[in-house]
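Take a look at the structure below.
Rule-based calculations on the coordinates, nothing more; no lab input. Everything numeric in this text was worked out from a predicted model, so none of it was measured. Cβ placement follows ideal geometry from the backbone for every residue including glycine, while neighbour counts extend to all protein chains displayed.
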Amino acid sequence: MKKLTFLLALAILGSTIIANAQRAPHVKHDIHHDRQDIHHDKKDINHDKKDIQGDKKDIAGDKTDLRSDRKDAASDRKDLNHDNKDIAKDKKDIATDRKERNQDVKNHDYKDAAAEQKDINADKKDLSADRKDRNADRKDLHQDRKDIHQDKKDLAGDRKDLSKDRKDLGKDKSDLKKDRKDLKDDKQDAATPATSNQ
């Protein structure tokens, strides 16, 4: 009976050792892969955090550019309005000087008519200069509007990138959590001896 019990115990012990020997490399392999996955997840998380910081800086820069371009546009709009007022004033001066010149010619006062013609020529030069200024301010305003449009596009793109990076960060954190759980489970599997039923 003792011999039979001893043989039975020996058979159970042998099958347990064989089962553990078969399982150990597989479990160690799983543990190794889980640790690698955790390492990669931590790297991904750090990379995502850097991306988020970069996106926030880009957004701040875009907002600054947008504010600056809006100020430039407002300034150019004021300049344009001022130029239009100057042009209207020059046209009015020219019309008044022409009336006075024509009246002087009717009265045969050619000396005053010549002086009025000089005023008209000076007003025409002013008008030409004001028109050049206005056209330059129009170009500036048009360019400012283009810049504002581009800044808005950049801002929207950077906000999209930020949102994507935050999603990536959340996914990487959940992957890290899952990999840590897998590692814990694999360590438990390695710690518990295999039974003969397995």
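Among the listed pairs 28/181; 43/181; 71/92, a Cα-Cα separation exceeding 27 Å is found for 71/92.
Using every pair of distinct Cα positions in the chain, the Kirkwood expression returns a hydrodynamic radius of 25.4 angstrom.
Pairs exceeding a 28 Å alpha-carbon distance, out of 99/139; 89/146; 49/184: 99/139; 89/146.
Taking the chain as a Gaussian network of alpha-carbon nodes connected by springs under 10 Å, the highest mean-square fluctuation of the residues 81, 107, 135 belongs to 107.
When the Gaussian network model of the chain links Cα atoms closer than 10 Å, the mean-square fluctuations of 74, 11, 122 top out at 11. Result for the chain in a Gaussian network model with C-alpha springs under 10 Å: among 38, 12, 87, the largest mean-square fluctuation is at 12. Distance between the pseudo-spin-label points of residue 107 and residue 16 (7 Å out from Cα toward the beta carbon): 13.2 nm. Note the angle between two axes, namely the Cα long axis of helix 110-191 and the longest principal axis of the Cα atoms of the chain, as a number of degrees from 0 to 90, rounded to the nearest 10. Rounded to the nearest ten degrees, it is 10. Once the Cα-Cα distance is subtracted from the 0.36 nm per residue extended length, the residue 56 to residue 175 segment shows a gain of 40.4 nm. Rounded to the nearest 10 degrees, the angle from helix 2-106 to the longest Cα principal axis of the chain is 0 degrees. With the simple model of a label 7 Å out from the Cα in the direction of the Cβ, residue 74 to residue 152 spans 1.7 nm.
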